[in-house]
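What follows draws every value from the coordinates through simple rules; no lab data is involved. Just so it is clear, the structure is predicted and the values come from calculations on it, not from any experiment. For neighbour counting, all protein chains shown are included, and Cβ atoms are generated from backbone atoms with ideal geometry for every residue, glycine included.
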Amino acid sequence: MKYLEEFRDPELARGLLEDIRAAVTRPWALMEVCGGQTHTIIRHGIDQLLPEGVELIHGPGCPVCVTPLEVIDKALEIAGRPGVIFCSFGDMLRVPGSDRDLFRVRGEGGDVRVVYSPLDALRIARENPDREVVFFGIGFETTAPPNAMTVHQARKQGIRNFSMLVSHVRVPPAIEAIMTSPDCRVQGFLAAGHVCSVMGVEEYPELAARHRVPIVVTGFEPLDILEGIRRTVRQLERGEHTVENAYERAVRPEGNPAARAMLEDVFEVTDRAWRGIGVIPGSGWRLSERYRAYDAEHRFEVSGITTRESALCRSGEVLQGLIKPHECEAFGTTCTPRNPLGATMVSTEGACAAYYLYRRLGTPAALEVTPVG
Amino acid sequence: MCLAVPGRVMEIEERDGARMAVMDFGGVVKDVCLEYLPDLAVGEYAIVHVGFALQRLDEESARQTLELFAELGLLMEEFGDPWEAAAAAEAGGAGAEVER
Ligand code: SF4
């Protein structure tokens, strides 16, 4: 698709940057919520190109990073059981639990399989009726609908040897938590475009008004990010705080109604602990009563786990935008993507990994055209 | 994992009681579930995440956005400070910075 390449056009980027420069009269701190956006920003050096005073704070929007340690430990426990086929997205493999990771469990003989789609896990269950197949269901509002559909299909098709370890998180309560934190420096949000593709924008006007903070729905290409920043800065300079959609090509105001209906059917809102941050009220989804039979936590006895977090890792502060990754002492020394101490170094969307990958390899690849996916 | 990517529908079929498509992601071909976008047609684009099409990609608004961006560049040339622009060009300024 040609126009996607155009969304990385350096000439257009220059125009947007100039426009941002012309608009800025004082310093502003903006948070990009989504880890995918953090990656675009660091990879293309957008944070370094911005006029002085405009700071990007990296948000907690990496689902791998914020999955609570307790849930990781439960996953490791289940994955190690005989007779279980444990299916997960690839980027969970190296996320450290209290004393090992899924990769290690596989090395010790556990049947851990990487799938591209949750439907692959369902197919594996169909093909292995004598085994218990468990899928690790994590992610934000973008990943929750595929996982919800998979549980729904399991029930519809009467597949009984399938269950899901569910730890989904929701963005709006996280924004609420960030804005009400006493350390909060965030003055505007670039909202995660793909989350809004599913959920629409209805959840945001109330948040924007109550916290007097502009929220601009933003895409993932370099120009998308610059446009999100441009609109947020423009609002701040004018003293406005409304919700704008700068990612119209993929976000309708109502989101995807079919996906939202399925979410409502399969999941229910619950309080959820975010790794490194703590419990955020109403910030998660778990399987609803009707689907309890597919809940791996009910099927397997995994309570009473005691967790042990790395004492060195400061990923909680990174996730809340309080420090930048390289301010962590372990960064690039005892903690690297090959040997991560915290989840923010493991996940390709984690802020620590982004800094490690792009900063350590020299200057950022400023707006080079590289195909996505 | 959270990266949703745009793809183009090549074929559509029912499989295991679900509406499925074969989609092209710039040369990489994958199976995609269309249950959330049941009226997506062959040739159309959608944002796909972990094997599910989640939202139709609207090429028309993509064009509009790009036009807006282009216009912003033009406006700068029209109303920007020519002295500043000249100085920036001399110092290998903004443009060079972007291409750095
Ligand atoms: S660099 Fe490693 S140890 Fe430091 S905060 Fe990031 S993940 Fe944790």
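For the stretch A:63-77, putting each phi into the Karplus relation 6.51 cos²θ - 1.76 cosθ + 1.60 with θ = phi - 60° gives couplings of x, 5, 5, 8, 4, x, 3, 4, 5, 4, 4, 5, 4, 4, 4 Hz, in residue order, rounded to whole numbers and with x for Gly and Pro.
Write out the cysteines belonging to chain A for which the nearest other cysteine Cβ is not under 4.7 Å, or none if no such cysteine exists. A:34, A:87, A:184, A:196, A:313, A:328, A:335, A:352, each lacking another Cys Cβ under 4.7 Å. Straight-line cross-link partners of residue B:30 among the aspartates and glutamates, defined as a Cα under 16 Å from its Cα and at least 8 positions apart when in the same chain: A:120, B:11, B:13, B:14, B:44.
Kindly give the semi-axes, whole Å and largest first, of the ellipsoid equivalent to the stretch A:24-78, taking each as the square root of 5 times a Cα gyration tensor eigenvalue.
Details: eigenvalues 220, 26, 7 Å².
Listed largest to smallest, the semi-axes of the stretch A:24-78 are 33, 11, 6 Å.
Centre-to-centre, using Cα atoms only, the stretch A:73-137 and the stretch A:7-55 are separated by 39 Å. What's the angle, to the nearest 10 degrees (0 to 90), between helix A:222-238's Cα axis and the longest principal axis of chain A? The angle comes out near 60 degrees. One decimal place: the segment residue A:338-residue A:114 gains 78.8 nm when fully extended, by the rule 0.36 nm per residue minus the C-alpha distance.
Excluding same-chain neighbours fewer than eight residues apart, the aspartates and glutamates reachable from residue A:74 by a Cα-Cα span under 15 Å are A:99, A:101, A:295, A:297, A:301, A:309. Among the residues of B:22-34, the average count of other protein chain beta-carbon atoms within 10 Å of the residue beta-carbon is 2. Average projection, convex hull of the Cα set of the stretch A:1-41: 3.9 square nanometres.
Under a point-charge model restricted to the Cβ atoms of Lys and Arg (+1) and Asp and Glu (-1), what is the dipole moment magnitude of the stretch A:58-188 relative to its Cα centre, in debye to the nearest 20? Provide the component values of the computation, followed by the final result.
Working: 15 positive and 15 negative charges, 80 e Å.
Here the stretch A:58-188 has a charge dipole of around 380 debye.
Would you work out the charge dipole size for chain A about its Cα centre, treating the Cβ of every Lys and Arg as +1 and the Cβ of every Asp and Glu as -1, and quote it to the nearest 20 debye? Each step should come with its number before you reach the end.
On the way: 42 positive and 50 negative charges, 118 e Å.
The dipole magnitude comes to about 560 debye.
Legend: mean number of C-beta atoms from other chains within 10 angstrom of residue C-beta atoms, peptide A:145-152, equals 4.
Against the main long axis of the alpha-carbon atoms of chain A, helix A:144-156 sits at an angle near 30°. Taking every residue in A:246-255 and counting other chain Cβ atoms within 10 Å of its Cβ, the average works out to 5. Residues A:117, A:283 in ascending order of nearby Cβ atoms (within 10 Å, fewest first): A:117, A:283. Placing pseudo-labels 7 Å out from each Cα toward the beta carbon at residue A:271 and residue A:290 gives an inter-label distance of 2.7 nm.
Between helix A:118-127 and chain A, what is the angle of the helix's C-alpha long axis to the longest principal axis, kept within 0 to 90° and rounded to the nearest 10? With both axes taken from Cα atoms, the answer is about 20 degrees.
Extent along the principal axes, Cα only, for the stretch A:97-239: 63, 37, 29 Å, with the longest axis given first. Taking R0 as 45 Å, what's the FRET efficiency between residue A:98 and residue A:264 from their Cβ-Cβ distance, rounded to 0.05? The formula returns an efficiency of 0.85 here.
Just to be sure I understand: of the beta bridges DSSP finds with both ends in the protein assembly as shown, what percent are antiparallel, rounded to 5?
Details: 31 of 65 bridges.
If we restrict to bridges inside the protein assembly as shown, about 50 percent are antiparallel.
At 4 °C and 1.567 mPa s, what whole-number value in µm²/s does Stokes-Einstein give for the translational diffusion of the stretch A:9-133, with Rh from the Kirkwood sum over Cα pairs? Reported coefficient: 73 µm²/s. Along the axis of the charge dipole computed for chain A (Cβ charges of +1 for Lys and Arg, -1 for Asp and Glu, origin at the Cα centre), the listed residues A:136, A:269, A:315 are led at the positive end by A:136. In the protein assembly as shown, the alpha-carbon atoms span a convex hull of 140 Å³ per residue. Packing-based ranking of A:285-294, A:160-169 yields A:160-169, A:285-294, ordered from highest to lowest mean Cβ neighbour count within 10 Å.
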